[in-house]
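Read the structure below first, then the notes.
The values are calculated or read from the model by the stated rules, or taken from the named source; none is laboratory data. For clarity, every value in this text was computed on a predicted model and none was experimentally measured. Cβ coordinates were reconstructed from backbone atoms using ideal geometry, including for glycine residues, and neighbour counts include every protein chain displayed. Just the protein is used for accessible areas: all its heavy atoms, side chains included, with ligands, DNA and RNA removed. Shrake-Rupley method; radii C 1.70, N 1.55, O 1.52, S 1.80 Å.
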Amino acid sequence: MCGIAGVVCRDSPPENLPEILRRMQSCLVHRGPDGRGIYISRDGQAGLVHTRLAILDLSPSGHQPMASAEGRYHVVFNGEIYNFRELREELEAEGEQFHTQSDTEVLLRTYQRYGPDCVREFAGMFAFAIWDELERTCFLARDPLGVKPLYYCVHNGQLAFASELRALVRSDMTSGRLSRSALLGYLLFGSVQEPETMVEGVRELPAGSYLLWQQGDCYERKFYDVEFRSDPPADLEAVAATGAALEESIRRHFVSDVPVGIFLSGGIDSTALVALARRVGIARVRTFSISFDSPALNEGEVAARTAHHFQTDHYDWRMGATEG
């Protein structure tokens, strides 16, 4: 989990843009304790912010905002591109040279080659922004299922975006007022209905969508949507397809330069994840549980038995009634 934010201006940028960016960054520090970065374009028209949680390429070469070799493009990225190694091999076969081991550089090079259509090449969870110094455009994109958050607002032709609403409010480009329609949706459905947010004038970029900003004008476009077949598959076919998809997802989620763990409760979902991890050959699985003193609430014993059965490195945090 990283944090991204930025401000892009159509006309004269605010004199306090560096301070605005620092304020936005301070709201995102908890999302990325491994590094911080701020980029401001030569004319001050654009500013990008990043806080890093290092997962791939832990070296300083994975620092963000990351620039392309010639300095035209700058990217801030939250998420993980699971097929970045395959994409890198394809690009290298076409003559591209890479200077890091990160998926961020692969993402940036893919955008250089395909433009907005780059999102169709990615398998993963992502929210990112790319500033084009030559064309003076800003490109935002969010993964197909909306795993990673990305909020934005446009005010007087200026664009501001962030991983969290509170960072966006600190940009001074929102009214800060409560959205009545979003509140109504929350009371009716139990959640705010995308793309609305609780802040008036702020939208959440819809899942599977991208936005292109250029000199105050911007447009959204949907690049992915869930499709349902009119002829459902037979039961055995559906079971096989679901199992294969889950195994592939587990393999991809364990692509990391840091240890990956599974939060293990006593339920079916997390137990299935542990079983799948062992099935696809993950040799060392770390599992984590929270147990409680109250027998009515405690799933710790079930989780411990599951961990023992699958021979995981298991860690349990016992929470008593006096702990806040």
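How about the range 180-231: which trypsin sites (Lys or Arg not before Pro) there are in a DSSP loop, with at most 16 other Cβ atoms within 10 Å of their Cβ? Sites meeting the loop and neighbour criteria: Arg229.
When the charge dipole of the chain is built from unit charges on Cβ atoms (+1 for Lys and Arg, -1 for Asp and Glu) and taken about the Cα centre, the candidate among His309, Ala207, Phe263 whose Cα reaches farthest toward its positive end is Phe263.
For Thr287, the residues 5 or more places off, or on other chains, whose built amide H falls under 5 Å of its own are Ile262, Asp313, His314, Tyr315. For the residues Val226, Val154, Val76, a GNM of the chain with alpha-carbon springs under 10 Å puts the largest fluctuation on Val226. Rounded to the nearest whole Hz, the Karplus-based 3J(HN,Hα) values (6.51 cos²θ - 1.76 cosθ + 1.60, θ = phi - 60°) of the range 77-92 follow the sequence 9, 10, x, 8, 9, 5, 9, 5, 5, 5, 5, 4, 4, 5, 5, 5, with x at glycine and proline. Based on DSSP H segments of at least four residues, each scored -39500 (n - 2.57), the chain has a per-residue ellipticity at 222 nm of -8500 deg cm²/dmol.
Computed over protein heavy atoms with a 1.4 Å probe, the accessible surface of the chain works out to 52 Å² per residue.
Given a Förster distance of 41 Å, report the FRET efficiency between Ser256 and Asp11 from their Cβ-Cβ distance, rounded to the nearest 0.05. Efficiency, rounded to the nearest 0.05: 0.45.
Give me the percent of the accessible area of the range 1-129 that comes from carbon and sulfur atoms, probe 1.4 Å, all protein chains in place. Summing carbon and sulfur atoms, their accessible area is 46 percent of the total for the range 1-129. Result for the chain in a Gaussian network model with C-alpha springs under 10 Å: among Gly71, Gly267, Gly62, the largest mean-square fluctuation is at Gly267. Summarising the amide proton neighbourhood of Ser209: residues at separation of 5 or more, or on other chains, whose placed amide H is nearer than 5 Å comprise Arg142, Phe223. The dipole here belongs to the range 1-125: it is taken about the Cα centre, uses +1 on the Cβ of Lys and Arg and -1 on the Cβ of Asp and Glu, and is about 520 debye.
Largest mean-square fluctuation among Gly208, Gly37, Gly115, in a Gaussian network model of the chain whose springs join Cα atoms under 10 Å apart, belongs to Gly115. Each Lys and Arg contributes +1 and each Asp and Glu -1, all at the Cβ; summed about the Cα centre of the chain, the dipole is approximately 700 debye. Charging the Cβ of each Asp and Glu at -1 and of each Lys and Arg at +1, and nothing else, the dipole of the range 156-204 about its Cα centre rounds to 140 debye. Karplus-based coupling profile of the range 51-68, in residue order and whole Hz: 10, 10, 10, 6, 10, 10, 6, 6, 6, x, 5, x, 4, 10, x, 9, 9, 6, with θ = phi - 60° in 6.51 cos²θ - 1.76 cosθ + 1.60 and x standing for Gly or Pro.
The GluC sites (Glu not before Pro) of the range 78-185 meeting both criteria, a DSSP state outside H, G, I, E and B (loop) and at most 13 other C-beta atoms within 10 angstrom of the site's C-beta, are Glu94, Glu135.
Model label sites at Arg166 and Asp34, defined 7 Å from Cα along the beta-carbon direction, differ in position by 2.3 nm.
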